[in-house]
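Each remark here refers to the structure printed beneath this line.
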Amino acid sequence: MSKKVPPAAEAPDSGFPASSSSLKKSVTFLEAMAIVVGMIIGSGLFLKPGIVLASAGSPWMSLLAWIAGGIITLASALSVAEIAAAIPKAGGLYAYLEELYGETAGFLLGWVQAVISYHASVAALAIAFASYSGYFLPMNDLQQKGLAIGILLFILGMNVVSTTYGGVIQLLATAGKLVPVVGIIAFGLLSGSQPGFAGVSGLTAGAAGAAGFGAAILGTLWAYDGWIGVTNMAGEMKNPAKTLPKVILIGVSFVIVVYVLFNLAIFRALPFEQIVSSPTPGADAAEALLGSGGGAFITAGIIVSVLGALNGYLMTAARVPQAMGERGIAPFSPFLRRIHPRFGTPANALIFQAALAIFYIFSGTFNTLTDLLVFVLWIFFTAGVFGVFLLRRRIPAQPGRYRVPLYPLTPMIGIAGGLYILGSTLLESPGRSLIGIGITLIGLPVFYYMKRKRA
C-alpha cells in the first residue's frame with residue numbers, strides 16, 4: 001500500500017513542483033461534480049437536438065452522433081485527468097501546458113483565457129440569463145443588460161465571500177436544471193407514441209452520409225464543451241490527485257447518458273420535421289408532453305441551466321489570472337495573485353473577471369470574441385490531451401496514481417476528435433481562425449516583457 005502524503009506533497013512525488021497556492025481547500029467532491037455537469041449542460045442541451053438531427057439525417061444516426069461525441073469527450077477527459085492527477089495545480093490546463101510544453105505555451109493559453117475567452121463567455125451567459133428571463137418578464141435591451149449585470153454581481157459577491165457559497169450555488173443550480181431534463185426524459189420514454197421515428201427504419205435510413213454524420217458529431221462536441229473548467233479548481237480541492245479523475249470520469253459519463261436519453265425522449269414527443277425546423281425543440285417537446293405549461297417549464301429549466309454555467313465559469317475562470325499572478329508572469333501580478341485575508345478566495349481575480357465581463361456586456365462583442373477564439377482554444381485543448389504522452393515519457397509510473405485506461409488508444413481518440421474540430425473550423429471559417437491566432441500571438445510581447453521584468 002502506498003504511503004499517504006498531504007496534498008502539498010503530491011506534486012513533488014509526481015515529479016513536478018508543488019503548487020504554492022494559498023487558496024482555501026474548500027471544494028468538495030459533490031461541488032466539483034456539480035461544476036463538471038453544470039458547465040457542460042447549458043442551453044445547448046435544449047437547442048442543439050434539431051441541428052444535430054438535421055446533419056445526421058435520421059434519429060438513430062443522431063443518437064449515434066451524440067454517443068460518438070460523448071466518447072471523444074470522455075477520451076479527452078480521461079487523458080487530461082491523468083495529467084491533473086500528476087500536476088494538481090490551480091490554473092488547470094494553463095498549469096499543465098506550462099509544465100509540459102514550457103512557459104510560453106502556458107502563458108498564451110492563460111492570456112487568451114484571462115483576457116478574452118472566459119470573460120466573453122461569462123458575458124454571453126449573463127445576457128442569455130436575462131434574455132430567457134424575458135419569457136416571464138418582458139424587458140427592453142437596456143433592462144436586459146441591467147439584469148445581466150445584476151445577476152453577474154450577485155454571483156461575484158457569493159464567490160468573493162466564500163468558495164463554499166459558489167459551490168452551493170453550483171450544486172443547487174445543477175440539481176435545479178436536471179428537474180426539467182429528468183421530467184422530459186421520464187414523460188418522453190413513457191410515451192406510447194414515437195412520431196420522431198415514424199417512417200424511419202434502421203441506422204442509415206435517411207442519413208445525410210459521412211459528411212453529414214461528421215457535422216452532427218461536431219455539433220455534439222460543442223454541447224459537451226466545458227468539462228475542463230473543473231481542473232482550474234485543483235488548488236482548492238483537498239485531494240485533487242484522486243478527486244479530479246473521479247469527478248471528470250463520473251461527471252462526463254453522466255452527461256453522455258443524459259444527452260442520449262434527452263434526445264431519445266424528444267424523438268418520442270415530436271415528429272422529425274418539427275425537430276429539425278424548430279429553433280427550440282426542447283421547449284416544443286415539453287409542451288407536447290406536459291401541455292401548455294411545458295414551454296414555461298423548460299424555459300425555467302434553461303434559465304437555471306444558464307445560471308449554473310455562469311456560476312461555474314465565473315468560479316473557475318478566476319483561477320487562471322490568479323495562478324498567473326502567483327507566477328509573476330501576468331500584468332498586475334501583485335493585484336491578481338492576492339488572496340482575500342478573511343475569506344481566503346481569489347477576490348481580486350474574480351473582480352477583474354467580472355469587470356471585463358461587464359465591459360463585454362455593454363460592448364456587445366462577446367459572441368464575436370468567442371467565435372474568433374474557438375479554433376485557438378481547441379489547439380490548446382488538443383495539445384493538452386497529447387500532453388499525456390509527454391507526461392509518461394517524463395516521469396515513471398507511480399503506484400496508486402491514476403492512469404488513463406486503454407492507453408494509448410484513449411488519448412488517440414481524444415486527439416482525433418480535437419483534430420477534426422480544428423480541421424472543420426479552419427475549412428468553415430479560415431478568416432476567423434487566423435484572426436484568433438493573431439489575437440493569441442499579441443500575447444507574446446506581453447510575455448517577453450513580463451519575463452524580462454520578473455528576471
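The values are calculated or read from the model by the stated rules, or taken from the named source; none is laboratory data. The shown structure was predicted, so the numbers you read here are calculated from the model rather than taken from an experiment. A quick note on method: Cβ atoms are made from the backbone with ideal geometry, for glycine too, and the neighbour counts reach across all protein chains shown. The accessibility values were calculated without ligands, DNA or RNA, using every heavy atom of the protein model including side chains. Shrake-Rupley method; radii C 1.70, N 1.55, O 1.52, S 1.80 Å.
A few comments on the model shown:
- Measuring with a 1.4 angstrom probe and ignoring ligands and nucleic acids, Val257 comes out at about 80 Å² accessible.
- Listed residues Lys48, Lys246, Lys451 arranged by accessible area, highest first, probe 1.4 Å: Lys246, Lys451, Lys48
- Net charge of neighbours whose Cβ lies under 12 Å from the Cβ of Arg337, counting Lys and Arg as +1 and Asp and Glu as -1: +2
- In this structure the amide hydrogen of His340, modeled in the peptide plane, comes within under 5 Å of the amide hydrogens of Thr345, Ala347, Asn348, none closer than 5 places in sequence on its chain.
- Ranked by the mean number of other Cβ atoms within 10 Å of their residues, highest first, the peptides 274-280, 357-363 fall in the order 357-363, 274-280.
- FRET efficiency estimate (nearest 0.05) - Cβ-Cβ, Ser292 to Lys453, R0 60 angstrom: 0.45
- Spin-label pair Gln143/Ser253, simplified geometry with 7 Å Cα→Cβ offset, distance in nm: 4.7
- Each eigenvalue of the Cα gyration tensor of region 210-253, multiplied by 5 and square-rooted, gives one semi-axis; in descending order these are 30, 10, 6 Å.
- Placing +1 on each Lys and Arg Cβ and -1 on each Asp and Glu Cβ, with no other charges, gives the chain a dipole about its Cα centre of roughly 1600 debye.
- Of the solvent-accessible surface of region 405-455, computed with a 1.4 Å probe and all protein chains present, 75% belongs to carbon and sulfur.
- Distance between the 7 Å Cα→Cβ label points at Ile351 and Val168: 2.3 nm.
- In order along region 226-238, the Karplus-derived 3J(HN,Hα) couplings, from 6.51 cos²θ - 1.76 cosθ + 1.60 at θ = phi - 60°, round to x, 4, 6, x, 5, 5, 5, 8, 4, x, 10, 9, 6 Hz, and Gly and Pro are given as x.
- Where Arg454, Arg401 fall by accessible area, highest first, once all protein chains stay in place (1.4 Å): Arg454, Arg401
- Karplus-based coupling profile of region 127-133, in residue order and whole Hz: 5, 4, 4, 5, 5, 5, 5, with θ = phi - 60° in 6.51 cos²θ - 1.76 cosθ + 1.60 and x standing for Gly or Pro.
- The calculated 222 nm mean residue ellipticity attributable to helices in the chain amounts to -23500 deg cm²/dmol, summing -39500 (n - 2.57) over DSSP H runs of n ≥ 4 and dividing by all residues.
- You can think of it this way: the chain between Ile71 and Phe332 has 89.9 nm of extra reach, that is 0.36 nm per residue less the Cα-Cα gap.
- Whole-Hz ³J(HN,Hα) from phi, Karplus 6.51 cos²θ - 1.76 cosθ + 1.60, for region 82-96, glycine and proline x: 5, 5, 4, 5, 7, 10, x, 10, 5, x, x, 4, 4, 5, 5
- The length gained on full extension between Trp222 and Gln398, counted as 0.36 nm times the residue separation minus their Cα-Cα distance, comes to 59.9 nm.
- Convex hull volume of the Cα atoms of region 314-442, normalised per residue: 163 Å³.
- Protein-only accessible surface order, largest first, of Lys145, Lys453, Lys242 at 1.4 Å: Lys453, Lys242, Lys145
- Accessible surface area normalised per residue over region 204-335 is 30 Å², counting heavy atoms of protein chains with a 1.4 Å rolling probe.
- Principal axis box of the chain, alpha-carbon based, largest edge first, Å: 68, 50, 47
- Remark: spin-label model distance Ser363-Phe29 equals 4.3 nm, labels positioned 7 Å along the Cα→Cβ axis.
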